[in-house]
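The values are calculated or read from the model by the stated rules, or taken from the named source; none is laboratory data. Worth saying up front: this structure is predicted, and the values here are computed from it rather than measured. Heads up, the Cβs are rebuilt from the backbone with ideal geometry, glycines too, and the neighbour counts pull from every protein chain shown.
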Amino acid sequence: MKRIIIQIIIFLGIIGSFSCDQSDIWGNGNNPLDKTPPFLSSVVSLSNTSVEVTFSEDVDESSAEEVSNYTIPDLAVLSAERNVADNSIVTLTTSSQEVQEYTITVANVEDLNSNIIGSPNSMVFTGKPLLPEVVDVVSISNTDVKITFSKELEQTSAETAANYSITDIASVVLDVNNADQHYSDKTIVYLTTDAQSGVSYSLSVINVQDNSGNMIDPDNSFSFAGNGDIAPEVRSVIATSNTSIRVVYSEDVEQATGRSIL
């Protein structure tokens, strides 16, 4: 917000002055004396599909969010949203970027006093790659977890057990003992864990990269339900008579299957 100084002048000179925000005088930040057009201050790629555009001053919401006012050869601009807290920033959603230089040109964006963007209105920025992401996690047994990623992974990082962290809702760690990448589908990794409980777990992944060396964003987590089902085990077998034996299992068993004779 610009600040101005108002000076009260009489024939003999200045007798007083004060400063204030221009909105205190003209309201809504509009200043009819402002004839300076906005211009581009910076443009940076935030992710594979997001670009942050910063102007030299606050810009009008309607013109700033008009998608057709932004042109990026080789990229489609899908949406534009002015920052709520800082009205000089606009975030663009784009089609998937490559790691290359792009040139953005902005037209018809106005400041709060209807001044149309001036020079510079064109800047170069470098696109960001598509990073691997976790798209699905499922417990397939009491000690096995299957992870599906968005891209094929580099084997060494994918099979490093220390790159995977699992905790339950009480922040108790479930140890990951081994990690194996699928033999043909390189987007899948199987984890061998300690025995799970039938509770919700949170998986975090670090240092895993795709075949181009793009590292997964370390700020990630994915929830899944633990598999608390463990097959019953025979604990003991005792002969109770000449014609009967007593079998003790590790847990209660279903009556029909417990009476089945193979």
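Using the structure shown, decide if Ser197 is at pLDDT 85 or above and over 23 Å from Ser150 (Cβ atoms). I'd like the intermediate steps shown before the answer.
Details: at pLDDT 85 or above: yes; over 23 Å from Ser150 (Cβ atoms): yes.
Yes.
Scanning segment 45-69 for residues that are closer than 29 Å to Met215 by Cβ, part of a strand (DSSP E or B) and touching a Ser or Thr at 6+ places or on another chain (Cβ under 8 Å) yields a total of 7. If the condition is being exposed (fewer than 14 other Cβ atoms within 10 Å of the Cβ), out of contact with any Pro (no Cβ under 9 Å at 6 or more places or on another chain) and assigned to a loop (DSSP other than H, G, I, E, B), then segment 93-107 contributes Ser95, Ser96, Gln100. The set of residues in segment 210-241 that are among the β-branched types (Val, Ile, Thr) and at pLDDT 90 or above contains only Ile216.
Is there a residue in segment 178-187 that is among the polar types (S, T, N, Q), at pLDDT 95 or above and in contact with a Pro (Cβ under 9 Å, 6 or more places away or on another chain)? Scanning segment 178-187, I find at least one residue that is among the polar types (S, T, N, Q), at pLDDT 95 or above and in contact with a Pro (Cβ under 9 Å, 6 or more places away or on another chain), so the answer is yes.
Do you know which of the residues in segment 123-151 that are of a type outside the set (D, E, K, R) and loosely packed, with under 14 Cβ neighbours inside 10 Å is nearest to the chain's Cα centre (by Cα)?
Step one: filter segment 123-151 for residues of a type outside the set (D, E, K, R), giving 123-127, 129-132, 134-135, 137-143, 145, 147-150.
Then drop every residue that is not loosely packed, with under 14 Cβ neighbours inside 10 Å, which leaves 124, 126, 135, 138, 140.
On the way: Val124: 24, Thr126: 19, Val135: 12, Val138: 20, Ile140: 26 Å.
Only one residue fits best here, namely Val135.
Restricting attention to segment 173-204, the residues that are surrounded by 16 or more Cβ atoms within 10 Å (Cβ to Cβ), in contact with a helix residue (DSSP H, G or I) (Cβ under 6 Å, 6 or more places away or on another chain) and not small (Gly, Ala, Ser) total 3.
Residues that are part of a loop (DSSP other than H, G, I, E, B) and in contact (Cβ under 8 Å) with a residue 12 or more places away in the chain within segment 70-84 comprise Pro73, Asp74, Ala76, listed in sequence order.
Out of all the residues in segment 24-41, is one or more within 23 Å of the chain's Cα centre (by Cα) and surrounded by fewer than 18 Cβ atoms within 10 Å (Cβ to Cβ)? No, segment 24-41 contains no residue that is within 23 Å of the chain's Cα centre (by Cα) and surrounded by fewer than 18 Cβ atoms within 10 Å (Cβ to Cβ). For segment 135-159, the set of residues classified as in a loop (DSSP other than H, G, I, E, B) and either among the hydrophobic types (A, V, I, L, M, F, W, C) or over 18 Å from Asp219 (Cα atoms) (or both) consists of Asn142, Thr143, Glu152, Glu154, Glu159, listed by residue number.
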